[in-house]
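These notes concern the structure reproduced below.
The values are calculated or read from the model by the stated rules, or taken from the named source; none is laboratory data. In this text the structure is predicted, and so the values were computed from the model without any measurement. We place every Cβ from the backbone using ideal geometry, glycine too, and count neighbours over all the protein chains shown. These area figures cover heavy atoms from the full protein model, side chains too; ligands, DNA and RNA do not enter into them. Shrake-Rupley method; radii C 1.70, N 1.55, O 1.52, S 1.80 Å.
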Amino acid sequence: MDRRDGKTWAVVIPYYNEEDYLGRTLETIAGQDLSPDEVVLVDNASTDGSAAIAKSFADRFTGGEVNLLYEPKPGQAAALARGIAEVESDLTAICDADTIYPPSYLAVADRLFREGGEETVAVIAFGVSAEDGFGHKMTLAKGRIVSALLGKQCHGGGYAQAFRTEVLKKVGGYSQALWPYCLKDHELINRVVKEGRIGYSSEHWCVASDRRTSRTNVRWTLFERIMYHITPAAQKDWFFYDFLKSRFEARGLSELRLREREWEQEGTN
């Protein structure tokens, strides 16, 4: 697919022990209608066969350059910071190692950036549970309505976010120093949206992993979620760095809790 404005794309994927999922995700990246110029794969000290899968992909991928990196410091934020620092492309898509991306994913994101102009600094897709069906349609309809009403908020996970690279780096990207807690994708958007607007579209979606059957140990409460939505944009710094930070510290919701994967442990009982 031709890029009418000449913008280049990078895909950054951090992974930690994802040998059961990484290969399928990389297949969907290789199958993009708009092939990325860079694919940055960051091994966050995996102990399984994930690195071999990444290496095999790098050997076979012909759509662009593949950069294989290693980040020993634990935590997805550390791995993402390592990967983003290496990106040279104009636009950066952050992808998860266990998410399915339709062939149109990057092409639609590219179009949303072009249509939104330079003031569109981020594009966020909606995470659906299936590629089609009633649930798929309902999720997109809900996302379209909510994002229209609350356009300066985050309505999609980190696995579904793309940025103008210069803006992403300007605001500090993913950083354990700036935000060492869970919900780092929402906190990052709080910094990014100060630089411009977020693009949303019901045509822009990806299939989020359903393996996390229980994530109550790393989620915010219903009260915290409501507070996020009703707090005005001008007060979002207070929400994150005073209100939510103190509550997350009290519950021990470090982003490193994500590495514990209690949902996998439950499945072996």
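For the stretch 52-82, give me the residue count where each residue is free of Cβ contacts under 8 Å to residues at least 60 places away in the same chain, under 26 Å from residue 169 (Cα atoms), of a type outside the set (D, E, K, R) and not in a strand (DSSP E or B).
5
Residue by residue through the stretch 99-119, note down the ones that are open to solvent by less than 10 Å² (accessible area, probe 1.4 Å), in a loop (DSSP other than H, G, I, E, B) and either β-branched (Val, Ile, Thr) or touching a Lys or Arg at 6+ places or on another chain (Cβ under 9 Å) (or both).
The one that is open to solvent by less than 10 Å² (accessible area, probe 1.4 Å), in a loop (DSSP other than H, G, I, E, B) and either β-branched (Val, Ile, Thr) or touching a Lys or Arg at 6+ places or on another chain (Cβ under 9 Å) (or both): 99.
Would you call residue 19 open to solvent by 60 Å² or more (accessible area, probe 1.4 Å) and not in a helix (DSSP H, G or I)?
Criteria met by residue 19.
Quick one: in the stretch 35-51, of everything that is outside any helix (DSSP H, G or I) and either open to solvent by 40 Å² or more (accessible area, probe 1.4 Å) or free of Cβ contacts under 8 Å to residues at least 24 places away in the same chain (or both), which residue is farthest from residue 25 (Cα to Cα)?
The qualifying residue farthest from residue 25 (Cα to Cα) is 47.
Name, by its number, the condition in (1) part of a loop (DSSP other than H, G, I, E, B); (2) in contact (Cβ under 8 Å) with a residue 12 or more places away in the chain; (3) on the phi < 0 side of the Ramachandran plot that does not hold for residue 132.
Every condition holds for residue 132 apart from (2).
Within the stretch 83-95, which residues are open to solvent by less than 60 Å² (accessible area, probe 1.4 Å) and part of a loop (DSSP other than H, G, I, E, B)?
Hits for the stretch 83-95 are 87, 89, 95.
Give all pairs with beta carbons closer than 9 Å in which a residue from the stretch 232-252 that is without any contact (Cβ under 8 Å) to a residue 12 or more places away in the chain meets a residue that is part of a helix (DSSP H, G or I) and surrounded by 16 or more Cβ atoms within 10 Å (Cβ to Cβ); count only pairs at least 6 apart in sequence or on separate chains.
Listed pairs, sorted by first residue: 241/187.
For the stretch 186-208, give me each residue that is under 19 Å from residue 114 (Cα atoms) and in contact with a Pro (Cβ under 9 Å, 6 or more places away or on another chain).
205
Picking from 71, 18, which residue would you name as being of a type in the set (Asp, Glu) and under 16 Å from residue 99 (Cα atoms)?
After applying the criteria, what remains is 18.
Just the residues that are closer than 15 Å to residue 154 by Cβ and open to solvent by 40 Å² or more (accessible area, probe 1.4 Å), please, taken from the stretch 233-254.
233, 237
Are any residues in the stretch 156-176 part of a loop (DSSP other than H, G, I, E, B) and either of a type in the set (Ser, Thr, Tyr) or modelled with pLDDT of 95 or more (or both), and if so, which ones?
Within the stretch 156-176, 171, 172, 173, 174, 175 qualify.
Could you tell me whether the stretch 196-212 includes any residue that is in a helix (DSSP H, G or I) and either open to solvent by less than 60 Å² (accessible area, probe 1.4 Å) or of a type in the set (Ser, Thr, Tyr) (or both)?
no
Filter the stretch 1-52 down to residues that are of a type in the set (Lys, Arg) and in contact with a helix residue (DSSP H, G or I) (Cβ under 8 Å, 6 or more places away or on another chain) and give me whichever is modelled with the highest pLDDT.
7
Report, ordered by the first and then the second residue, all pairs with beta carbons closer than 8 Å, sequence separation of six or more or different chains, a first member in the stretch 112-129 that is touching a residue at least 12 places away in the same chain (Cβ under 8 Å), and a second member that is open to solvent by 30 Å² or more (accessible area, probe 1.4 Å) and among the β-branched types (Val, Ile, Thr).
Within 8 Å, the pairs are 126/139; 127/139; 128/139; 129/139.
Output the qualifying pairs, or none if there are none: Cβ atoms under 7 angstrom, residues six or more apart or on different chains, first residue in the stretch 141-161 and open to solvent by 40 Å² or more (accessible area, probe 1.4 Å), second residue assigned to a helix (DSSP H, G or I).
150/229; 152/193; 152/233
Considering only the stretch 175-188, I want to know if a residue exists there that is farther than 22 Å from residue 21 by Cα, touching a helix residue (DSSP H, G or I) at 6+ places or on another chain (Cβ under 7 Å), open to solvent by 30 Å² or more (accessible area, probe 1.4 Å) and not polar (S, T, N, Q).
yes
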